[in-house]
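Just so you know, all these numbers are worked out from the coordinates, no wet-lab data involved. Just so it is clear, the structure is predicted and the values come from calculations on it, not from any experiment. Ideal geometry is used to build each Cβ from the backbone, glycine not excepted, and the neighbour counts take in all protein chains shown.
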Amino acid sequence: MKQLKSLFTSYWRFLIVHTAAQIDLFDFLERAPASIEEIIEKLNVNEVVLKHLLQSLERLQLIHCKNGKWYNTDLGSYLTESHPNSYKQACILWGQEHLTAWQHLLYTLKTGKPAFEMLYKQPYFNYLRNHPKKLKNYHKAMAEYARDDYNLLPQAMDFSEYQSIADVGGGTGVLISYIAQSYPHLKCFLIDLPEVLRLIEEKLPKNVSMIAANFFHPLPIKVDAIILSRVLHDWDDVHAVKILENCYNAMNDKADLIIIEALQDKIATPELSLNMQVMCGSYERTSKEYEHLLSRTGFILKTIKPYKEHHYILIAKKVLL
Ligand SMILES: C[S@@+](CC[C@H](N)C(=O)[O-])C[C@H]1O[C@@H](n2cnc3c(N)ncnc32)[C@H](O)[C@@H]1O
């Protein structure tokens, strides 16, 4: 029963952390430990509510009080902007439109359609393009995950046989930068929408060129390999086929397509599928479903290998049609 009762209110814990991140509490405490009075003055919040928030955050082991001053714990520091492995923007992302859409899971369950589109009257990626601040938050959050998720990719597979490679839907370039640094001979391309590429603040490695392009239109490259990482899971089969066809036409003969995704027949992540369904109307696929999509678009699935956590690398060869 305890487990059940704690489940009912599990969102309380997330919203406590989300709210603290939103008001930059962790950033403030990272600069110097602070008393309640100093926090109230700096962050302009209600004293009684703040006391309860701080106590809750202490129970979650994110902050700690010593001699009347509040400190971040090591875990809490990850919610500061300055932490090299920060997850602050991800924490902010999940508590906004995603949370609102999840509250309408019942709509998605009844209709099979994404609650996001019912609520915001447009597909999620269109919404991001129309809301620059949201787009920035989304891509900072994606980069936070990418930094940790892709750091072992250059060792996990051998890229040395390729001369050129493109990361299509590569966001702000974390993945392709890891590969470019480990394989300096490789001519690398980062492809994403123009407004996404404009968000890039840090200099990319010298062997990475940015190309602003829409993957629903022909891509202006010809390369030995294309990476599609966490892209296809955003789209239903009709859209996924269009992306794969455009990749096919942008690849040299016998080039490789490298897909990185969760595979439901290997490690089930049904909650991730529900998230994709409420947001985008897509879901995490099985190996067979990828194999089928690939064979419809001129590829043969050659290899599947486990990567990190629930991620798998699928390597498919372009066959000549
Ligand atoms: C879930 S993110 C994955 C980003 C990155 N590959 C990663 O794994 O961190 C999906 C990516 O697809 C890009 N995207 C969405 N629609 C696109 C389009 N029509 N053309 C090109 N890129 C697009 C987004 O900007 C975003 O970078």
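Observations
- Annotation: amide H of Ile63 within the under-5 Å range of Glu58, Thr73, sequence separation 5 or more or interchain, hydrogens built in the peptide plane.
- Amide H within-cut-off set for Asp265, under 5 Å, with H built and near neighbours excluded: Ser287
- Long-range amide H partners of Ala213 with built H, under 5 Å: Asp192, Leu193
- Pairs of Cα atoms in region 2-84 fall into 5 Å distance bins, from 0 up to the last occupied one, in shares of 3, 15, 27, 27, 15, 7, 5, 1 percent.
- In order along region 285-297, phi translates into HN-Hα couplings of 9, 9, 4, 4, 5, 5, 4, 5, 4, 5, 5, 5, 10 Hz, rounded to whole numbers, per the Karplus curve 6.51 cos²θ - 1.76 cosθ + 1.60 with θ = phi - 60° and x for Gly and Pro.
- Highest mobility in the GNM of the chain, judged by mean-square fluctuation with C-alpha springs under 10 Å and restricted to Gln22, Gln89, Gln155, is found for Gln155.
- Bridge type composition, region 141-318 - antiparallel percent by DSSP, nearest 5: 40 percent
- Over all other residues within a Cβ to Cβ distance under 14 Å of Glu284, the charged ones net out to -4, with Lys and Arg as +1 and Asp and Glu as -1.
- Around His131: net Lys/Arg minus Asp/Glu count, Cβ-Cβ under 12 Å: +2
- With Cα atoms, 0 to 90° folded angle of helix 237-249 axis to the chain main axis: 50 degrees
- Residues considered: Thr100, Thr303, Thr172. Largest GNM mean-square fluctuation over the chain, using C-alpha springs under 10 Å, is found at Thr303.
- Most mobile listed residue (Val174, Val49, Val278) in the chain, GNM with C-alpha springs under 10 Å: Val49
- Region 76-135: proportion of alpha-carbon pairs further apart than 19 angstrom, %: 42 percent
- Principal axis extents of the Cα atoms in the chain, from largest to smallest and rounded to whole angstrom, are 70, 48, 36.
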